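Engineer: There's a structure below that I have some questions on.
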Amino acid sequence: MTLPQSPLMGQMMNQPLLVSGIIEFAARHFGDSQIVSRRVEGDIHRYTYRDCHQRARRLANALHGMGVALGDRVATLAWNGYRHLEAYYAVSGSGAVLHTINPRLHPEQIAYIVNHAEDQVLLFDLTFLPAVEAMSAICKQVKHYVLMCDRDRMPAESKIPGLLCYEDLIASHSDDYEWPQFDENSACTLCYTSGTTGNPKGALYSHRSTVLHAYGSALPNALNVTSRDAVLPVVPMFHVNAWGLPYSVPLSGAKMVFPGAALDGKSLYDLFEAEQVTFSAGVPTVWLGLINFMLQNKLKFSSFRRTVIGGSACSPAMMNTLMDEFGVEVIHAWGMTEMSPLGTAGVLMGKHRELPQDEQRKILLKQGHAVYGVDMKIVDDDGKELPWDGSSYGHLLVKGPWVISAYYKDEGGDPLQNGWFPTGDVATIDADGYMQITDRSKDVIKSGGEWIGTIDLENIAVSHPAVMQAACIGIAHPKWDERPLLVIVRRPGMDVSREELLAFYEGKIAKWWLPDDVVFADALPLGGTGKVQKNKLREQYKEYKLPTA
Ligand code: AMP
């Protein structure tokens, strides 16, 4: 029920929630806090929020000079770095829409989304010069290409007509710029979903949703970002706005540390130590690389205390290693592009304090508790709400002010079901409100009319010392419809047989969940955001014949 306007309205300043306010606040109140970047050029760059704000205003003037107006789309193809952060604020702050493109997408998909978004300007890192040269001919509406590098790194000639140098633009424009005020519901940033099936679809965030998400995600029950932290977002700024960190870190006044393109274990470890990083966020595959490097070289962290892991499930093996070997608290979080992205975060409640450690871990391994700003429920195939008992599982639906109401250009029609957004995930919710993902609905294995969740099967496999990565997929079965096949990547130099692995499951799961077979692979196919592409695996093993009992 919606009431008419109240006869007595509040008397507070009606200041729109705009992202420009975040950088303005950081520059005024945490002006000396540092932003440190490992640049594509190879060196370390260091400056402050005050400097960032000044250069963002110069860039805003430059964009204005290029004719970029309210609502126009400006794209970036860039790693995590200070220039990318300047673009975040200059583009959105001036009223245009920042479109962050995932450079790991197939070039055809990149060209598709640049055209679909009708990007007018493309700012890109040196790494992507060949890719941008190749696509510039088919992206006719892009009027300006800006290479984000120093003048001396500009190519002598390029296939891109009128290629501009970012540093020239900054140098030739004044920082005399006042952030404009406009409706907080105006579009702010545009992110395309990974699009495992069909073309990617755009999630178009507003200033209001972005600022609310920044507040909500910085809360102590979520990421708990403070001005005492040094935060290194490993999650790329092209993966759902680095989970909001380019906003929540400046508003908290924390030091920001950007890793650039160097995401291997050694480069990350060196930067964590050199900059005394306390907090980070990334997908499990990144932590795998860092953990392996540290174990091989018998290293420990001296400052790193807390990390968020999300994007795909954090296995018990990974959580135990980070917590027990390295003393890093793991916050397991869940979300998606359509949710800005944060939905849940896994931190304990007061009443859990006295529980034994293994009981606490069981709670922390779930995908977490809703953050205020997101409501959720699970429903059966008929849309009937299921109980929060920790065992009933169903389709997970969400709603809230930072959840999409439609895709960009209304692609795919109305996505909502009675005002709720269907996430495509299958989950349980327990009596305390902790949600656990069993699977993506399209990855779940349907065996004899029942569902087998693949995340559990994969978590058990990776707890075997000889297993580095595991993925479980459904293979067609004449009697049961589908049965699980386990695809395993062994740890280098270690061995485990099919029989040993299957025996390892005994007593850990219901008998009928036991995989029918195990195959060994050199690597798993990973998508642009570091997730295992199960659609590719299913395609690869389409003809696979499971052994008959
Ligand atoms: P994306 O929009 O590409 O970030 O993908 C969102 C999807 O990633 C979600 O719908 C989940 O299926 C999956 N996901 C995200 N976080 C987790 C997590 N912590 N555990 C399991 N799956 C996750």
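The values are calculated or read from the model by the stated rules, or taken from the named source; none is laboratory data. None of these values were measured; they are calculated from a predicted model. Glycine also receives a Cβ, built like all others from the backbone with ideal geometry; neighbour counts cover every protein chain displayed.
Engineer: May I ask you to list the residues in region 350-376 that are buried (at least 16 other Cβ atoms within 10 Å of the Cβ), within 23 Å of I404 (Cβ to Cβ) and not polar (S, T, N, Q)?
Structural biologist: G368, H369, A370, V371, G373, V374, M376
Engineer: Which of the residues that make up region 352-377 are within 15 Å of the ligand (Cβ to nearest atom) and closer than 16 Å to S217 by Cα?
Structural biologist: Q367, G368, H369, A370, V371, V374 - these are the residues of region 352-377 that are within 15 Å of the ligand (Cβ to nearest atom) and closer than 16 Å to S217 by Cα.
Engineer: Moving to a separate point now. Let me spell it out: the conditions are (1) of a type outside the set (F, W, Y); (2) within 16 Å of the ligand (Cβ to nearest atom); (3) over 24 Å from D51 (Cβ atoms); (4) surrounded by 24 or more Cβ atoms within 10 Å (Cβ to Cβ), and L268 meets all of them except one. Which number is the exception?
Structural biologist: Exception for L268: condition (2).
Engineer: Looking at region 216-230, can you tell me whether even one residue there is within 16 Å of the ligand (Cβ to nearest atom), within 20 Å of E86 (Cα to Cα) and outside the structural domain of M468 (by TED's automatic domain parsing)?
Structural biologist: no
Engineer: Among the residues of region 429-439, write down those that are without any contact (Cβ under 8 Å) to a residue 60 or more places away in the chain and either within 16 Å of the ligand (Cβ to nearest atom) or surrounded by 19 or more Cβ atoms within 10 Å (Cβ to Cβ) (or both). Give the steps one after another, and end with the answer.
Structural biologist: Initially, region 429-439 is screened for residues without any contact (Cβ under 8 Å) to a residue 60 or more places away in the chain, giving 429, 431, 438-439.
Within region 429-439, I429, T438, D439 meet the criteria.
Engineer: Out of H99, H29, H84, H45, report the one residue that is more than 23 Å from Q120 (Cβ to Cβ) and surrounded by 15 or more Cβ atoms within 10 Å (Cβ to Cβ).
Structural biologist: Numbers: H99 fails: more than 23 Å from Q120 (Cβ to Cβ); H29 fails: surrounded by 15 or more Cβ atoms within 10 Å (Cβ to Cβ); H84 fails: more than 23 Å from Q120 (Cβ to Cβ).
Just a single option satisfies the conditions, and that option is H45.
Engineer: Quick test of your reading of the structure: T337 fulfils all but one of (1) within 7 Å of the ligand (Cβ to nearest atom); (2) more than 17 Å from the chain's Cα centre (by Cα); (3) among the polar types (S, T, N, Q). Name the failing condition by number.
Structural biologist: (2)
Engineer: Based on this model, can you work out whether K442 counts as among the basic types (K, R), surrounded by fewer than 19 Cβ atoms within 10 Å (Cβ to Cβ) and either part of a helix (DSSP H, G or I) or within 22 Å of the chain's Cα centre (by Cα) (or both)?
Structural biologist: So K442 fits the description; yes.
Engineer: Within region 473-491, can one find any residue that is away from the ligand (no atom under 16 Å from the Cβ), assigned to a helix (DSSP H, G or I) and over 16 Å from T454 (Cβ atoms)?
Structural biologist: No.
Engineer: When residues of region 446-469 are filtered for being within 14 Å of the ligand (Cβ to nearest atom) and touching a helix residue (DSSP H, G or I) at 6+ places or on another chain (Cβ under 9 Å), how many remain? Please lay out each step first, then the result.
Structural biologist: Quick first cut of region 446-469, residues within 14 Å of the ligand (Cβ to nearest atom) only: 453-459, 462.
Subsequent filtering for residues that are touching a helix residue (DSSP H, G or I) at 6+ places or on another chain (Cβ under 9 Å) retains 453-454, 456-457, 459, 462.
Within region 446-469, residues that are within 14 Å of the ligand (Cβ to nearest atom) and touching a helix residue (DSSP H, G or I) at 6+ places or on another chain (Cβ under 9 Å) number 6.
Engineer: Could I ask something else about it? When you look at F293, is it out of contact with any His (no Cβ under 8 Å at 6 or more places or on another chain), buried (at least 24 other Cβ atoms within 10 Å of the Cβ) and more than 27 Å from R440 (Cα to Cα), yes or no?
Structural biologist: Numbers: out of contact with any His (no Cβ under 8 Å at 6 or more places or on another chain): yes; buried (at least 24 other Cβ atoms within 10 Å of the Cβ): no; more than 27 Å from R440 (Cα to Cα): yes.
Considered against the rule, which asks whether it is out of contact with any His (no Cβ under 8 Å at 6 or more places or on another chain), buried (at least 24 other Cβ atoms within 10 Å of the Cβ) and more than 27 Å from R440 (Cα to Cα), F293 comes out as no.
Engineer: A follow-up question, please. Out of all the residues in region 503-549, which are assigned to a strand (DSSP E or B) and under 20 Å from A466 (Cα atoms)? Steps first, please.
Structural biologist: First pass over region 503-549, keeping only residues assigned to a strand (DSSP E or B): 517-520, 526, 532.
D517, V518, V519, F520, V532, listed by residue number.
Engineer: Quick check on this structure: which one of V235, V225 is touching a Gly at 6+ places or on another chain (Cβ under 8 Å), assigned to a loop (DSSP other than H, G, I, E, B), under 16 Å from G282 (Cβ atoms) and in contact (Cβ under 8 Å) with a residue 24 or more places away in the chain? Lay out the reasoning, then the answer.
Structural biologist: On the way: V225 fails: touching a Gly at 6+ places or on another chain (Cβ under 8 Å).
Among V235, V225, only V235 is touching a Gly at 6+ places or on another chain (Cβ under 8 Å), assigned to a loop (DSSP other than H, G, I, E, B), under 16 Å from G282 (Cβ atoms) and in contact (Cβ under 8 Å) with a residue 24 or more places away in the chain.
Engineer: Can you confirm whether A345 is more than 12 Å from G433 (Cα to Cα), of a type outside the set (D, E, K, R) and not assigned by TED's automatic domain parsing to the domain that holds L190? Before the answer, list the steps.
Structural biologist: Values: more than 12 Å from G433 (Cα to Cα): no; of a type outside the set (D, E, K, R): yes; not assigned by TED's automatic domain parsing to the domain that holds L190: yes.
No: the conditions fail for A345.
Engineer: Does V379 count as surrounded by fewer than 21 Cβ atoms within 10 Å (Cβ to Cβ), β-branched (V, I, T) and under 24 Å from the mean Cα position of the chain (by Cα)? Quick ask: steps written out before the conclusion?
Structural biologist: On the way: surrounded by fewer than 21 Cβ atoms within 10 Å (Cβ to Cβ): yes; β-branched (V, I, T): yes; under 24 Å from the mean Cα position of the chain (by Cα): no.
Considered against the rule, which asks whether it is surrounded by fewer than 21 Cβ atoms within 10 Å (Cβ to Cβ), β-branched (V, I, T) and under 24 Å from the mean Cα position of the chain (by Cα), V379 comes out as no.
Engineer: Also: Can we say L342 is within 12 Å of the ligand (Cβ to nearest atom), touching a helix residue (DSSP H, G or I) at 6+ places or on another chain (Cβ under 7 Å) and hydrophobic (A, V, I, L, M, F, W, C)? Outline the logic, then answer.
Structural biologist: Values: within 12 Å of the ligand (Cβ to nearest atom): yes; touching a helix residue (DSSP H, G or I) at 6+ places or on another chain (Cβ under 7 Å): yes; hydrophobic (A, V, I, L, M, F, W, C): yes.
Yes: the conditions hold for L342.
Engineer: Then there is this: Where residues in region 91-128 are touching a residue at least 24 places away in the same chain (Cβ under 8 Å) and of a type in the set (D, E), which of them is nearest to E178 (Cα to Cα)?
Structural biologist: Of region 91-128, the ones touching a residue at least 24 places away in the same chain (Cβ under 8 Å) are 91-105, 107, 109-128.
Add one more test, that the residue is of a type in the set (D, E), and what stays is 118-119, 125.
Numbers: E118: 27, D119: 24, D125: 27 Å.
Looking at residues that are touching a residue at least 24 places away in the same chain (Cβ under 8 Å) and of a type in the set (D, E), I get D119.
Engineer: For residues in region 400-427 being polar (S, T, N, Q) and away from the ligand (no atom under 13 Å from the Cβ), which is nearest to the chain's Cα centre (by Cα)?
Structural biologist: Here the answer is S405.
Engineer: I would also like to ask the following. Does any residue in region 363-383 that is over 24 Å from K442 (Cα atoms) come within less than 8 Å, Cβ to Cβ, of a residue that is among the polar types (S, T, N, Q) and buried (at least 21 other Cβ atoms within 10 Å of the Cβ) six or more places away or on a different chain, and which pairs are these?
Structural biologist: Filtered contacts from region 363-383: V371/S217; V371/T344.
Engineer: Scan region 272-313 for residues that are within 13 Å of the ligand (Cβ to nearest atom) and polar (S, T, N, Q) and jot them down.
Structural biologist: Step one: of region 272-313, the residues within 13 Å of the ligand (Cβ to nearest atom) are 281-285, 287, 307-313.
If the condition is that a residue be within 13 Å of the ligand (Cβ to nearest atom) and polar (S, T, N, Q), then T285, T307, S312 are the ones that fit.
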